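Here is the structure we will look at, set down as structure tokens.
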Amino acid sequence: MSADTNIDDLLGSPDPVAECTADELSEWLGLSARQIYRHETEGHVVKLGKNRFDLQASVRTYCEWLRDQAHYGRPATGTAKSALAEETLRLKREQADAVALKNAQARGELVATSDVERAWAGVLRTVRAAMLSVPSRIQARLAHLSADDVSVIDREVRDALTQTAEGENG
């Protein structure tokens with residue numbers, strides 16, 4: 001096949017198989033000869049013999065492979081196509097979920113777990129400090145209570161805080 005052969009010449013040719021070399025096929029497909037041989041080992045072009053390729057079948061096979069690449073992100077064959085399609089769909093759903101979560105966070109509908117934990121820790125420190133100050137406030141208001149009475153109140157408050165922290169009731 002000459003370098004100035006075009007597709008019209010090939011389609012009008014009575015030859016059922018238009019043969020070409022790796023260099024000629026590489027010009028048709030816009031690839032290097034090295035890439036042609038790689039695609040040959042992967043089944044993306046049709047080899048007829050040593051450095052001989054079926055031009056029409058190779059172009060068709062290579063185009064099918066490119067369509068699979070564009071649709072699935074990598075070549076697929078047989079039942080692998082449906083499995084790959086399912087995985088691609090699952091990935092797209094996960095990506096859509098990730099975008100939805102980012103959007104919800106940007107709108108202030110979601111907050112980071114660490115922010116919630118930090119806020120609640122602050123609230124609980126405030127509650128604990130307020131509860132621990134109860135015995136001294138009672139002593140200031142009720143001056144007739146003895147130090148032992150205030151100590152009992154302090155012990156009860158501390159026990160209640162400890163039980164609450166440990167998840168106990170009572």
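Values as computed for the structure displayed
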quantity: For THR88: the one exception among (1) more than 20 Å from the chain's Cα centre (by Cα); (2) surrounded by 11 or more Cβ atoms within 10 Å (Cβ to Cβ); (3) β-branched (Val, Ile, Thr); calculated: (1)
quantity: For ARG155: the one exception among (1) modelled with pLDDT of 95 or more; (2) under 32 Å from the mean Cα position of the chain (by Cα); calculated: (2)
quantity: Search result, residues across the stretch 115-170 that are within 30 Å of GLN105 (Cβ to Cβ) and either polar (S, T, N, Q) or in contact with a Phe, Trp or Tyr (Cβ under 9 Å, 6 or more places away or on another chain) (or both); calculated: THR126
quantity: Any chance LEU48 is over 34 Å from the mean Cα position of the chain (by Cα) and outside any helix (DSSP H, G or I); calculated: yes
quantity: Residue match in the stretch 66-79 (condition: surrounded by fewer than 12 Cβ atoms within 10 Å (Cβ to Cβ) and either over 30 Å from GLU19 (Cα atoms) or modelled with pLDDT of 90 or more (or both)); calculated: yes
quantity: Condition check for SER114: assigned to a helix (DSSP H, G or I), at pLDDT below 95 and farther than 30 Å from GLU42 by Cβ; calculated: yes
quantity: Those residues of the stretch 122-150 which are within 23 Å of ALA165 (Cβ to Cβ), more than 46 Å from the chain's Cα centre (by Cα) and surrounded by 13 or more Cβ atoms within 10 Å (Cβ to Cβ), in sequence order; calculated: MET131, LEU132, VAL134, PRO135, ILE138, VAL150
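The values are calculated or read from the model by the stated rules, or taken from the named source; none is laboratory data. What you see is a predicted model; the values in this text were computed from it and never measured. Glycine gets a Cβ as well: all are built from the backbone with ideal geometry, and neighbour counts include every protein chain shown.
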